[in-house]
Amino acid sequence: MKAKLAPVDFKQLPGLKTASKRTLNVCVVTSEILGPVKNGGIGTATSALIDSLAANGHRVTILYTLVQRGQPECAERNWAHWVDQLAERGITLTHIPHSGDYRDWLQKSWLVKQHLALHDFDAVYFNEHHGSGYYTLAAKRAGLKPFVNRVHCVITHGSIEWVFNTNDQRLNRATDLEMIGVERRSVEWADVVIGPSQYLLKE
């Protein structure tokens, strides 16, 4: 017989007590959104989340992390085009100033934390993919402001460990093991974990 999970009162989380009474300033941190990325499950789901937040009147900023050597990657058109497209819908699109390689997971996560520290957000959404929330969530656990006053949500779209297991692949880089670690901690340290499926949550 399976044990029943106790209901969670999310109203106890900082920032949610007045969530239904006011417009929230929300940041969505992601390496995939439709437009700069042509297709993909994470991009599709994240874009739907952004559309929903904006449609409900919240102020949305997208912090894009698919950046290497100082340039945000775009499959079609250029970065300025997507900035303008989203601005027309009242959504701010920005990116981390990452000058390193694509696989510098920890450096990118640190740059995310640095960006979030300079802005006034009520809630932040991360994907566990790439562990971009790792340093931000560590800062909250350490009791640092402004992170302690925010709600941090992590969505389980598919960790690299799950991808390797599903594809029967072996780890062949030290950075793969590093990413597994930061993705796991991101889920463990989140205020709220959003699971699109029970299967992924169990994994």
- Message: If I go through the stretch 93-105 residue by residue, how many of them are touching a helix residue (DSSP H, G or I) at 6+ places or on another chain (Cβ under 7 Å), open to solvent by 40 Å² or more (accessible area, probe 1.4 Å) and without any contact (Cβ under 8 Å) to a residue 60 or more places away in the chain?
- Response: 1
- Is it the case that some residue within the stretch 160-172 is in a strand (DSSP E or B) and open to solvent by less than 40 Å² (accessible area, probe 1.4 Å)? no
- Item | Every pair of residues 6+ apart whose Cβ atoms lie under 9 Å, when the first sits in the stretch 188-203 and is surrounded by fewer than 14 Cβ atoms within 10 Å (Cβ to Cβ) and of a type in the set (S, T, N, Q) while the second is at pLDDT below 90 and not in a strand (DSSP E or B) | 197/156
- Task: Would you confirm whether any residue within the stretch 76-89 is more than 14 Å from residue 62 (Cα to Cα), open to solvent by less than 30 Å² (accessible area, probe 1.4 Å) and either out of contact with any Leu (no Cβ under 7 Å at 6 or more places or on another chain) or touching a residue at least 24 places away in the same chain (Cβ under 8 Å) (or both)?
- Result: no
- Query: Would the stretch 141-151 turn up any residue that is open to solvent by 30 Å² or more (accessible area, probe 1.4 Å), β-branched (Val, Ile, Thr) and not in a loop (DSSP other than H, G, I, E, B)?
  - Reply: yes
- Exactly one of 47, 109 is in contact (Cβ under 8 Å) with a residue 12 or more places away in the chain, of a type in the set (Ser, Thr, Tyr) and out of contact with any strand residue (DSSP E or B) (no Cβ under 6 Å at 6 or more places or on another chain), and that residue is 109
- Of 115, 81, the only residue that is out of contact with any helix residue (DSSP H, G or I) (no Cβ under 9 Å at 6 or more places or on another chain), in a helix (DSSP H, G or I) and closer than 22 Å to residue 186 by Cβ is 115
- Message: Residues that are buried (at least 16 other Cβ atoms within 10 Å of the Cβ), in contact with a Lys or Arg (Cβ under 8 Å, 6 or more places away or on another chain) and without any contact (Cβ under 8 Å) to a residue 40 or more places away in the chain: does the stretch 34-44 have at least one?
- Response: no
- Message: If a residue must be exposed (fewer than 13 other Cβ atoms within 10 Å of the Cβ) and more than 15 Å from the chain's Cα centre (by Cα), how many such residues does the stretch 45-70 contain?
- Response: 6
- Item | Qualifying residue in the stretch 156-173 (condition: over 27 Å from residue 193 (Cβ atoms) and not basic (Lys, Arg)) | yes
- Evaluation of residue 108 against (1) in a helix (DSSP H, G or I); (2) in contact with a helix residue (DSSP H, G or I) (Cβ under 6 Å, 6 or more places away or on another chain) (one fails), failing number: (2)
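The values are calculated or read from the model by the stated rules, or taken from the named source; none is laboratory data. Here the structure is a predicted model, which is why all the values come from computation and not from measurement. Neighbour counts run over all protein chains shown; Cβ positions are idealised from the backbone, glycine included. Calculation scope for accessible area: heavy atoms of the full protein, side chains included, ligands and nucleic acids excluded. Shrake-Rupley method; radii C 1.70, N 1.55, O 1.52, S 1.80 Å.
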